[in-house]
Amino acid sequence: MSTANSPGPAPGPRSDSRALTPPADAVAPVRHPDAPAPGELLGAHYDHCFGCGGAQPHGLHLEARAGEGVSVSAEFTVKPAHQGAPGLAHGGVLATALDETLGSLNWLLRVIAVTGRLETDFVRPVPVDTVLHLQAEVTAVAGRKIYSSAVGRIGGPDGPVAVRADALFIEVKVDHFIENGRPEEIRAAMADPDQIRRARAFEVNP
């Protein structure tokens, strides 16, 4: 059982993780010229995604919007189905919300990337019926490696921090999904006549 029930204020500074530290030759991220405009709702990348898809009755139904630069904002309402301890969000669900928000950043770069590493801090408990306000940004790019960070707040976009994460995404080809996914879902996604929806189905996955 995971409750993400930190007993007090945020811990001290995060310890550096070499895997999440951009190398010296990393460059600043560049927003793709065809990326959605700031403020535009990104929508679900795949209808059956647990994080954002509408076809998942107990999913997060997270909604992300493009921000300035290579950043996004998102909201997720904790439902009773997302509990760990009574009345509190499950820590794994909160980590999923962070991962989903971070993954949405790849649509602004117009790359297919998968989560390589996700390091999460649970700062304070998140009760059921709470709206978690998330902000994420890409901080650096080094070859196929995309470095990013996210924070989730309660009580409003400027409220106290409840969760935060640093992440490393790895750019891949669509073959990653074709070779590893269950054939039924792969065939259905590839057969979608909508070119954008077909491409976004493979936007992000561990």
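Can you give me the number of residues within the range 87-117 that are of a type in the set (Val, Ile, Thr) and part of a loop (DSSP other than H, G, I, E, B)?
Number of matching residues: 2.
Specify the residue that is farthest from VAL163 (Cα to Cα); the eligible residues are those in the range 43-63 that are of a type in the set (Gly, Ala, Ser) and open to solvent by less than 10 Å² (accessible area, probe 1.4 Å).
GLY53
Starting from residues that are β-branched (Val, Ile, Thr) and surrounded by fewer than 20 Cβ atoms within 10 Å (Cβ to Cβ), keep the ones in the range 163-184 and report whichever is nearest to ARG153 (Cα to Cα).
ILE170
Among the residues of the range 79-86, is any part of a loop (DSSP other than H, G, I, E, B), open to solvent by 70 Å² or more (accessible area, probe 1.4 Å) and more than 22 Å from PRO57 (Cβ to Cβ)?
Scanning the range 79-86 turns up no residue that is part of a loop (DSSP other than H, G, I, E, B), open to solvent by 70 Å² or more (accessible area, probe 1.4 Å) and more than 22 Å from PRO57 (Cβ to Cβ).
Counting only residues that are of a type in the set (S, T, N, Q) and within 12 Å of the chain's Cα centre (by Cα), how many does the range 62-80 have?
So the answer is 2.
Name the pairs whose Cβ atoms lie under 6 Å apart, with the first residue in the range 161-186 and of a type in the set (D, E, K, R), the second surrounded by 15 or more Cβ atoms within 10 Å (Cβ to Cβ), and 6 or more positions between them or separate chains?
ARG164/ASP121; ARG164/VAL151; ASP166/LEU20; ASP166/GLU119; ASP166/SER149; GLU171/VAL111; GLU171/ALA113
Can you work out which of the residues in the range 66-78 that are under 19 Å from VAL163 (Cβ atoms), of a type outside the set (A, V, I, L, M) and touching an Asp or Glu at 6+ places or on another chain (Cβ under 9 Å) is surrounded by the fewest Cβ atoms within 10 Å (Cβ to Cβ)?
If we take residues in the range 66-78 being under 19 Å from VAL163 (Cβ atoms), of a type outside the set (A, V, I, L, M) and touching an Asp or Glu at 6+ places or on another chain (Cβ under 9 Å), then THR77 is surrounded by the fewest Cβ atoms within 10 Å (Cβ to Cβ).
Looking for something modelled with pLDDT of 95 or more and of a type in the set (Val, Ile, Thr) - is there at least one such residue anywhere in the range 3-13?
No, that holds for no residue.
The values are calculated or read from the model by the stated rules, or taken from the named source; none is laboratory data. Please read all numbers here as calculations on a predicted model, not as lab measurements. FYI the Cβ positions are ideal-geometry reconstructions off the backbone, even for glycines, and counts take in every protein chain you see. We work out accessible area using only protein heavy atoms, side chains counted, and drop any ligands, DNA or RNA first. Shrake-Rupley method; radii C 1.70, N 1.55, O 1.52, S 1.80 Å.
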